[in-house]
1. Mind checking which residues of the range A:42-68 are farther than 27 Å from residue A:165 by Cα and in contact with a helix residue (DSSP H, G or I) (Cβ under 8 Å, 6 or more places away or on another chain)?
2. Considering C:110, C:63, C:49, which residue is over 23 Å from residue C:230 (Cα atoms) and either in contact with a strand residue (DSSP E or B) (Cβ under 6 Å, 6 or more places away or on another chain) or modelled with pLDDT of 95 or more (or both)?
3. Report yes if some residue within the range C:51-69 is in a strand (DSSP E or B) and more than 10 Å from ligand 1 (Cβ to nearest atom); otherwise report no.
4. Could you give me the residue pairs with C-beta distances under 6 Å whose first residue belongs to the range D:49-60 and is within 13 Å of residue D:210 (Cβ to Cβ), whose second residue is assigned to a helix (DSSP H, G or I) and more than 6 Å from ligand 2 (Cβ to nearest atom) wherever it lies, and which are 6+ apart or on separate chains?
5. If you check A:153, A:166, A:197, which single one turns out to be buried (at least 21 other Cβ atoms within 10 Å of the Cβ) and at the interface with chain B (Cβ under 10 Å from one of its Cβ atoms)?
6. Exactly one condition in (1) surrounded by fewer than 21 Cβ atoms within 10 Å (Cβ to Cβ); (2) within 15 Å of ligand 1 (Cβ to nearest atom); (3) outside any loop (DSSP other than H, G, I, E, B); (4) under 17 Å from the mean Cα position of the chain (by Cα) is not met by residue C:96; state its number.
7. For residue A:54, state whether it is buried (at least 21 other Cβ atoms within 10 Å of the Cβ), more than 14 Å from chain C (Cβ to nearest Cβ) and closer than 30 Å to residue A:155 by Cα.
Ligand SMILES: Nc1ncnc2c1ncn2[C@@H]1O[C@H](COP(=O)(O)OP(=O)(O)OP(=O)(O)O)[C@@H](O)[C@H]1O
Ligand SMILES: Nc1ncnc2c1ncn2[C@@H]1O[C@H](COP(=O)(O)OP(=O)(O)OP(=O)(O)O)[C@@H](O)[C@H]1O
Ligand SMILES: [Mg+2]
Ligand SMILES: [Mg+2]
């Protein structure tokens, strides 16, 4: 049975009024929501950045497949094509021996200087630089490539790689567990706070029932109230996070250009959407769950 | 004026009873304390470990000072002594050229293989490996050492180092800010929750006052209650953290030996002491602050 | 055969809608084992005016709580307005309660709502149009002489004023049954009599009135049916009875 | 000179401890601008028994709240037991209140404490020894005939039972002054009279009793001093007066 429009309007009004009527309690709830959303919001942003940072490191992992000295240009083209076609391979690049040596010496920084002397006897062959479609497939791809007869030897820092992936995986797991834990904590604490405010209004709920209100009639204003508390509670943390992140991004990209943060947009909007969604859902859910307990009169 | 012993006993009893009388509310408060302490506890443990991990990395930073080819053994001893005596230097080690080359090739992993061929023309000189007393002093020490005439060239990865320290400093700052933020959030949310439970008991507080209770008489049981809620709320997170950390430590030290975690003891006891201290202080403070508001009758 | 037809007659009799409130063999014990009512058989017809009297703790309020289904009887059956309360689903309870206006012994006003809002609530529940709510609320406020307190909150009222607001809320939506639990306990005799005037008028317009009271002066001077309860039992049920609960 | 000595006499007079409660030119308006009391001059001596009567909303409860310093007067001075309430510091208020037993119109029982605990509280406050508390609580429970409800919670009591618990708590620590706000409003006449018996006995033992009431039957049959308040003013103050508040 549909609700009359005036009743709907009454519920809206009542939900809004209730926030004022329970001034202190509303304030306590809203500030709890604000704090928790801020914590989980900044934590999410941090973890997303850490994750992209890790991915960037992982994506720098590449395989060097040194070509046999006796391969000619055609053969090199063919094998390159063949490798490029494999589904597990993202990209193949040709690197001639001179360039390979340059890169090697560069990568050693000042330590490389001592090697300048051996430029004449370049120990490198020409090589193919291969990137796997997923960094974790690197080992497989390297094994496959090594089987090709045009390839003399393959190089990808096996031991370092396993360590790297174990570490990054653990970082991801710890981060994920923390995010989930924080999410759970947030949901629990917000609904807990709402429950406390509603417990202290149990008498009012029971009077409503005794005066002939249906459960739906009692619950609707609490629904609106939960919604509004969710929205109001989300405003401050979203505002701080959006401006804070944009500012931090600009600050760090000049101060520490080697740390690559995620672009602020659309990231901050996504996180904001997440926060307000979470906030509203928990606000409504928390209040509805708690009211429900006291409807039995 | 001293409180009678029977009154003290009465307050203790009353504080304990109140936890039962306000069953739901006490439960909500205690579980909020539990959640928050658990979050801040695990976060502290994580950050302490991250911090020690960073320090370990930083401590691996060392300077290689390559000795002039024409220095003889005595001169080498002298200069080594000289360097070792400097207050900014932690340790000096002698590294002959063969060993230096071995280490270099090892450090390259399989990539090093291509260098085996040049063993005969070792490009390294004998070197001194120097560790600064504080990793951040590395640059200074290197400059000083470079001035010595027995030293041909000094090598310490200048650019990498600056990056490393900037990154580790930022990690420390972010971690610190997060810990402080979490601490503030925890204190706020616990006292907020306590306030909500006490607001709904304002009538009772006012009746007490009207029946002739002094402020102290009203407050004391709330003091006990806050204390007990702090203690009870801290039990679970401490138990989980202690066993969890010990277990994780054992698990990771076999699974990922290259990740060095802090020894579980006395770390877990320190963190536990911190948690229970925090919990009790906030419990008492939160309840006393809130009661105070309603004493004016 | 005779037993069957007899129970049939009783059954038909019990279905008779002449009885707006109909309790049969009702027993009520509280969870703490207090036996508040025992073997109560009470039939109250349409448009009746009934006093329920009895000493403190006799079971009057329990009797009232059973009628509005705030409590379920431990035994026996209760019919109100033709409905068996035992068959009532959770969803149907509010619709029963809307037909009954109740003045609670402890008033049960909403502490955070103004006097106006407190009374309006009973009309909002039945989804009355806004303009009618306003008109009707002011009307009943006028009846209880508290028009000037419309914007006050319950905590700003005197005991008697709260009681009159509770009365106003109970009558605001023209209920079929008016139940008043000690509605004059906090009123001076003059105001109490004016309230009695209101109840009588409502009763004359067709509303059944059940009123628990300790006011012997009112019971003895405005003679109506008196149901006397003592220690959970009906000890007397007398038309135009006097105050008293000796059997 | 004459004016000076006159005011001196008034001053000495006002200090006289014969007056346990002494209000001079007291006015009280609430924050919402309701003027509840106006120019109240009331002097109540030791061991007196006073009825305060008046219509609903006249200001009786406000009068009582001023005596126990639940409210401060907007104007005028109040002395209770020789103390000027205006000079009282926050810290001293509880000690004043311990000398006054109060039966509140809305009972003000602790909802989460048992009946026993509710009454014991008033003795714990004055740090009475445990065995005396137990003894005395059972004593007053016996006086109000509710010994068997000691372990009940207020929500499990009937209206009249709550009222009697409130009375028990008010008298438990032998106060110098007993103030009762409508203490018989929820009681049947028989129980009400038994309560009046208790109040009289307490009064005979030397306790000053101030009782706000609407019960004309009691006032007219147990003749005492009657202070009638109407619309915030004392309209009559009569020894052995009858119920009524016409000037
Ligand atoms: N919720 C409850 N739980 C347990 N016992 C209750 C409860 N409510 C009432 N009682 C007990 O049931 C008995 C009847 O109570 P009820 O409130 O019906 O009395 P009453 O006739 O209304 O009395 P009064 O005139 O004092 O209001 C009393 O002894 C009371 O203690
Ligand atoms: N807290 C308050 N805030 C504002 N106005 C109040 C407050 N308490 C009482 N009043 C008003 O003051 C006036 C006197 O109230 P009071 O409670 O003293 O009356 P009373 O004589 O005790 O009446 P009753 O017999 O109905 O209990 C009333 O008009 C009331 O509305
Ligand atoms: Mg009753
Ligand atoms: Mg009053």
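1. If the condition is that a residue be farther than 27 Å from residue A:165 by Cα and in contact with a helix residue (DSSP H, G or I) (Cβ under 8 Å, 6 or more places away or on another chain), then A:67 is the only one that fits.
2. Only one candidate passes the filter, namely C:110.
3. yes
4. D:49/D:203; D:51/D:219
5. Answer to the check: A:197.
6. (2)
7. no
For (1) at pLDDT below 80; (2) in contact with a strand residue (DSSP E or B) (Cβ under 7 Å, 6 or more places away or on another chain); (3) crowded, with 17+ Cβ neighbours inside 10 Å, each residue gets a yes or a no:
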position: B:73; (1), (2), (3): no, no, no
position: B:84; (1), (2), (3): no, yes, no
position: B:100; (1), (2), (3): yes, yes, yes
position: B:109; (1), (2), (3): yes, no, no
position: B:121; (1), (2), (3): yes, no, no
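The values are calculated or read from the model by the stated rules, or taken from the named source; none is laboratory data. Worth saying up front: this structure is predicted, and the values here are computed from it rather than measured. Backbone-built Cβ (ideal geometry, glycine too); neighbour counts: all protein chains shown.
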